[in-house]
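*Asks:* Just passing along the structure, written as structure tokens.
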Amino acid sequence: QVQLVESGGSLVQTGVSLRLVCAGSGRTFRNYGMAWFRQSPGQVREFVAPSRGTGTLHYADSVKGRFTISRDNTKTRLYLQMTKMKPEDAAVYFCAAGQPILSAMTDPRYWNYWGQGTQVTVSS
């Protein structure tokens, strides 16, 4: 079993930076790929970025150039560095663990484990 716990969400102003952290645990956790998703009220869960070692290639267009995903060397922490934040970035941010194929990576149904989410609010 894999457990994921996100933290770092906050109320911030437009233009500032914020870093989210996802702590993972479980016997097989290190074997899984990871990603960040976000969800606004009344909206579907939206893919943000994967930790695949492919740079920004697979990032959502809305966050390219502003967000950076990273994973620590022990593979127990996943980070999302968010810069130049906009009101439309406001959402509950979730980290996910799984092994989806590339073509299914942006679909939340293909990720096996989820954290409880952390709220990010951006004031204009």
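The values are calculated or read from the model by the stated rules, or taken from the named source; none is laboratory data. This one's a predicted model, so the numbers in the text were calculated from it and none came from an experiment. Positions of Cβ are backbone-derived with ideal geometry, glycine not excepted, and every protein chain shown enters the neighbour counts. Side chains are part of the model used for accessible areas, which takes the heavy atoms of the whole protein and leaves out ligands, DNA and RNA. Shrake-Rupley method; radii C 1.70, N 1.55, O 1.52, S 1.80 Å.
*Asks:* Go through region 43-60 and give me each residue that's open to solvent by 50 Å² or more (accessible area, probe 1.4 Å), at pLDDT 95 or above and either over 24 Å from K86 (Cβ atoms) or not polar (S, T, N, Q) (or both).
*Replies:* Selection gives V44, R45, E46.
*Asks:* How many of the residues in region 1-56 are over 20 Å from E88 (Cα atoms), in a strand (DSSP E or B) and polar (S, T, N, Q)?
*Replies:* So the answer is 3.
*Asks:* Search region 1-29 for residues that are touching a residue at least 40 places away in the same chain (Cβ under 8 Å) and pair each with any residue that is hydrophobic (A, V, I, L, M, F, W, C) and open to solvent by 50 Å² or more (accessible area, probe 1.4 Å) when their beta-carbon atoms are under 6 Å apart and the residues are at least 6 apart or on different chains.
*Replies:* Every condition considered, the pairs that remain are A23/V5.
*Asks:* Then there's this: Taking the conditions exactly as written (at positive phi and either more than 13 Å from the chain's Cα centre (by Cα) or of a type in the set (D, E, K, R) (or both)), does G117 satisfy them or not?
*Replies:* no
*Asks:* Is it true that some residue in region 88-97 is more than 14 Å from G8 (Cα to Cα) and either touching a Gly at 6+ places or on another chain (Cβ under 7 Å) or without any contact (Cβ under 8 Å) to a residue 12 or more places away in the chain (or both)?
*Replies:* Looking for residues that are more than 14 Å from G8 (Cα to Cα) and either touching a Gly at 6+ places or on another chain (Cβ under 7 Å) or without any contact (Cβ under 8 Å) to a residue 12 or more places away in the chain (or both), one finds at least one in region 88-97, hence yes.
*Asks:* So, one more: If you scan region 1-31, which residues turn out to be charged (D, E, K, R), in contact with a strand residue (DSSP E or B) (Cβ under 6 Å, 6 or more places away or on another chain) and open to solvent by 30 Å² or more (accessible area, probe 1.4 Å)?
*Replies:* The answer is R19, and nothing else.
*Asks:* If a residue has to be surrounded by 16 or more Cβ atoms within 10 Å (Cβ to Cβ), in a helix (DSSP H, G or I) and aliphatic (A, V, I, L, M) to count, how many in region 70-124 make the cut?
*Replies:* Residues that pass the stated criteria total 0.
*Asks:* Under the condition of being touching a residue at least 24 places away in the same chain (Cβ under 8 Å) and more than 18 Å from G8 (Cα to Cα), which residue from region 32-42 is most open to solvent (accessible area, probe 1.4 Å)?
*Replies:* The selected residue is Y32.
*Asks:* Inspect region 68-78 for any residue being of a type outside the set (A, V, I, L, M), closer than 18 Å to V2 by Cβ, modelled with pLDDT of 95 or more and out of contact with any helix residue (DSSP H, G or I) (no Cβ under 9 Å at 6 or more places or on another chain) and give the result as yes or no.
*Replies:* Looking through region 68-78, none of the residues is of a type outside the set (A, V, I, L, M), closer than 18 Å to V2 by Cβ, modelled with pLDDT of 95 or more and out of contact with any helix residue (DSSP H, G or I) (no Cβ under 9 Å at 6 or more places or on another chain).
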